[in-house]
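All remarks here apply to the structure that follows.
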There are 2 protein chains.
Amino acid sequence: MPTISLSLGEKSYDVIVANGSLEAAGEHIRHAGLKGAAALITDSNVGPLYAERVKKSLEAAGYRVSLHVFAAGEAHKNLTTIETLVNEMVAAGHDRSSFVVALGGGVVGDMAGFTAAMYYRGIPFVQIPTSVMAQVDSSVGGKTAVDIAAGKNLIGAFHQPRLVIADPQTLRSLDARTLREGMAEMVKHAAIRNAAMLPALRALAASITEDGSTLDCELMEKLIAANVAIKARVVEEDEKETLGVRAFLNFGHTLGHGIEASVPLGSLLHGEVVSLGMRAALALSRQHSGLSAAAEREVLDTLAALHLPLTLPAQVDPQTALAHTKTDKKFQGGAIRFVLLESLGSPVLSRKVMQADLEEAMHHLTTPLS
Amino acid sequence: MPTISLSLGEKSYDVIVANGSLEAAGEHIRHAGLKGAAALITDSNVGPLYAERVKKSLEAAGYRVSLHVFAAGEAHKNLTTIETLVNEMVAAGHDRSSFVVALGGGVVGDMAGFTAAMYYRGIPFVQIPTSVMAQVDSSVGGKTAVDIAAGKNLIGAFHQPRLVIADPQTLRSLDARTLREGMAEMVKHAAIRNAAMLPALRALAASITEDGSTLDCELMEKLIAANVAIKARVVEEDEKETLGVRAFLNFGHTLGHGIEASVPLGSLLHGEVVSLGMRAALALSRQHSGLSAAAEREVLDTLAALHLPLTLPAQVDPQTALAHTKTDKKFQGGAIRFVLLESLGSPVLSRKVMQADLEEAMHHLTTPLS
């Protein structure tokens, strides 16, 4: 069973990446040493698909389980939902000896993780990610957050899970668009750490038709494990993003977040704006950090094979997206921190990118691929 | 200048206890090494008294300062107020390089501390406590929380301050009732760690008239420093309340919380219910852990000198208070953890206290002092 271990002192934990691992969740959690009752938190999309199976598996392993389902979607990733979940957990008899199981995509991981971080000032939690983005990225590393009026993810906590269980077979229930947008983060990992994954990602892209039912889960399992290993090493080096190392994971995200914030919630998916942000970051890397044209082309080809957007959709106003970029949290004390590539696998945290460069890069996204 | 240092590894910090230290807050904060802009958070009671002085002191030390005032009172200690504060801080241009200054009593410390714990997943904060309870207890130790419908302090974080500045002169603006209720926590510290403080507390009680204006601030400075030292050592031993040591600080709090939850918010002050809870805990200690009658008497005499309640007020229904005690968070997996005294200065964490004992102890509070 492919298992990646994160070494974080007392906060160390394993990430299990294995087809069929969802059914054995209870066993894995028992083996990881979690005690007490379980609060299983999921959303209205994922709950009907997998909650009963996970609940049964937990009960078979001897845990008392309560189920908490909130309405799916980023629009519900807020403190009001958190308060409802916490009130439900209290009513279900959970105290500081209980733990949380997060079953779902990135929003569920954020919500359940933040709930666990705050409940009685912090109880353990387990991630069972069911989207590509959550399996390769957000479920590992302990970043949890909710949105408020002033912006996305502005309130949150670093709270490491005690175990992550990623079952690639759950991805077969996703539609093609959701699958592909999640793979944008895999392309990002390949670009900053392991360019050898790019051909495999193009092969995987070819196995996706209208939905995930034809997904090559064997290849996906290998690729997810490779991606988690990359994320794990970065998190180990820089658990709380204080050293700049973890900031490399923001490749493509600065302009991506600006674009995301400029359109109505959910009209562009996270991986789609990251795809756009990566094209911009590749162009800036060509200009400022010596990235070769061939390297830029290979990443763009992989994004294109995944049908990810590479030019701004009509609904995005470049000026509005730029304005949002300026209020994004990757700025510090006025200066702009920006992740560039010197070559595939070699990112740098640059301070060379100025206001005017961002404007040029955003404009670049309005031009067709050459 | 009396300074108590807490040794918590990377999270170590100082507590300055000194008359006049409020005016020098900016200097102290600069000396502690805090960088970036300051978000000064206070409430509508304390703001008009001290916010301008603290703001000027911070500005004189070179900090950019924004002021954030929320409506005073436990009723506002909730996630809605937190969200407002965070939105205000974003609008004021604060990012992850800023820090929070909490100016006020326990509610302000909880609110501002929790805001700092969550803002951008955690930024530093400084406590400037202005009530007795906050100076001797809640500002030290990093416990922050808000209330939700299901109960008090159910959502929160352990987030240690980077510095605490306690100026006893601020206590002169309090009314006698508020002053006295705060001193209940000092009686608690004396009971569990340093009985020699009890005569000094009775002397201090004698200096309080209708309000704090006649308070003996020299004696108060010494006593607060002694109290902070007690709290500091307990927190060092058991930062996150996992070992049971920190649980000793809950002496008098289990039944106290139950009583507090059974009446409308604010109708009994925290120290007042702790006084009642201590009388109950003293009686249980006589019964189960061999506390002497003389020891019980000395603590009760000190509480009486402070005009703190020792019999249940008419508004408290013992049955309702008991019901609330049962849902209180000091229960774990069904068993009751209860702090008893073997003698003054020697607490034990007992599991001998059963349901029926709690009922008897609550009944004891309906009988007059013998």
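The values are calculated or read from the model by the stated rules, or taken from the named source; none is laboratory data. As the structure is a computational prediction, the values presented were derived from the model and not from experiment. Here Cβ is always computed from backbone atoms with ideal geometry, including for glycine, and neighbour counts include all displayed protein chains. What goes into the accessible areas is simple: the full protein's heavy atoms, side chains included, and nothing from ligands, DNA or RNA. Shrake-Rupley method; radii C 1.70, N 1.55, O 1.52, S 1.80 Å.
Per-residue shielding of A:112-121, expressed as the average number of other chain Cβ atoms within 10 Å of the residue Cβ, stands at 5. For B:S213, the distances from its label point to the matching points in the remaining copies are 8.3 nm, ordered from shortest, with each point set 7 Å beyond Cα toward Cβ. Neighbouring Cβ atoms from other chains, within 10 Å of the Cβ of residues in A:149-157, number 6 on average.
Past the 29 Å Cα-Cα mark, which pairs from B:K77/B:K222; A:K240/B:K35; B:K152/B:K188? Mind showing how you got there, number by number?
Working: B:K77/B:K222 31 Å; A:K240/B:K35 18 Å; B:K152/B:K188 21 Å.
Listed pairs above 29 Å: B:K77/B:K222.
Computed 3J(HN,Hα) for region B:216-233, one whole-Hz value per residue from the Karplus formula 6.51 cos²θ - 1.76 cosθ + 1.60 where θ = phi - 60°, is 6, 5, 5, 4, 4, 4, 4, 5, 5, 4, 5, 5, 4, 4, 5, 4, 4, 5, glycine and proline marked x. Extents of region B:7-165, largest first, come to 42, 34, 32 Å (Cα atoms, principal axes, whole angstrom). Relative to the longest principal axis of the Cα atoms of chain A, the long axis of helix A:197-206 lies at roughly 80 degrees.
Extents of region A:131-257, taken as max minus min of Cα coordinates on every principal axis and listed largest first, are 39, 32, 32 Å.
Counting protein heavy atoms only and a 1.4 angstrom probe, how many square angstrom of accessible surface do chains B and A bury in total, to the nearest 100? Let's see the in-between values first.
Details: alone 14400 and 14420 Å², together 25910 Å².
The B and A chains share an interface burying roughly 2900 Å².
Taking other residues whose beta carbon is less than 9 angstrom from the beta carbon of A:S289, and scoring Lys, Arg as +1 and Asp, Glu as -1, yields +1. In region A:77-109, burial by the other protein chains removes 50 Å² or more of 1.4 Å probe accessible surface, compared with the chain on its own, from A:L79, A:E83, A:N87, A:R96. Think of a 1.4 Å ball rolled over the protein heavy atoms: the protein assembly as shown then has 35 Å² of accessible area per residue. Nearest to the axis that brings chain B onto chain A is this chain B residue, judged by its Cβ, with the distance in whole Å: B:L79, 2.
Taking the alpha carbon gyration tensor of the protein assembly as shown, what are the square roots of 5 times its eigenvalues, largest first, to the nearest whole Å?
51, 30, 19
Can you compute the helix-only [θ] at 222 nm over chain A? Use -39500 (n - 2.57) per DSSP H run of at least 4 residues, normalise by all residues, nearest 500 deg cm²/dmol. For chain A, the value works out to -13000 deg cm²/dmol.
Keeping the other protein chains in place, figure out the carbon and sulfur percent of the accessible area of region B:230-337, with a 1.4 Å probe.
Values: 2050 of 3840 Å².
Solvent-exposed carbon and sulfur of region B:230-337 make up 53 percent of the total.
The same position A:P313 in the other copies lies at 5.9 nm from this copy, comparing label points 7 Å beyond Cα toward the beta-carbon, shortest first.
Across the copies of the chain, A:A60 has label points (7 Å from Cα along Cα→Cβ) spaced 7.0 nm apart, shortest distance listed first. Residues whose amide H comes within less than 5 Å of that of B:L6, counting only those at least five positions distant or on another chain, are B:Y13, B:D14, B:V15 (H built at 1.01 Å from N in the peptide plane). In region B:260-287, which residues have a backbone nitrogen under 17 Å from the label point lying 7 Å from B:R233's Cα in the Cα-to-Cβ direction? The answer is none. Using the Cβ of A:E10 as centre and a radius below 13 Å, the other residues enclosed give a net charge of +1, where K and R count +1 and D and E count -1.
Between A:L8 and B:T242, the C-beta separation translates, for a Förster distance of 25 Å, into a calculated FRET efficiency of about 0.90. As an equivalent ellipsoid, region A:276-370 spans semi-axes of 21, 19, 10 angstrom, where each value is the square root of five times an eigenvalue of the C-alpha gyration tensor, largest first. Here the convex hull built on the C-alpha positions of chain B has a volume of 124 cubic angstrom per residue. Look at where the Cα atoms of region A:255-330 and of region A:141-180 average out, and the two centres are 20 Å apart.
Sorting B:101-107, B:243-249 by their mean Cβ neighbour count within 10 Å, with the most densely packed peptide first, gives B:101-107, B:243-249.
Among the GluC sites (Glu not before Pro) within region A:135-223, those in coil by DSSP and having at most 15 neighbouring Cβ atoms inside 10 Å are A:E210.
Count the net charge of all other residues whose Cβ sits under 11 Å from the Cβ of A:R177, scoring Lys and Arg as +1 and Asp and Glu as -1.
On the way: positive: A:R180; negative: A:D175, A:E181, A:E210, A:D211, A:E272.
Every neighbour counted, the sum reads -4.
At 0.890 mPa s and 25 °C, plugging the Kirkwood radius over alpha-carbon pairs of region B:215-308 into Stokes-Einstein gives what diffusion coefficient in µm²/s? Mind dumping the intermediate values first?
Numbers: Rh = 15.0 Å.
Value of D from the Cα-based Kirkwood radius: 163 µm²/s.
From the protein chains alone at 1.4 Å, what is the descending order of accessible area for A:H68, B:H159, largest first? Walk me through the numbers on the way to the answer.
Working: A:H68 5, B:H159 40 Å².
Ranked list, largest accessible area first: B:H159, A:H68.
When the charge dipole of chain A is built from unit charges on Cβ atoms (+1 for Lys and Arg, -1 for Asp and Glu) and taken about the Cα centre, the candidate among A:S213, A:A176, A:N78 whose Cα reaches farthest toward its positive end is A:N78.
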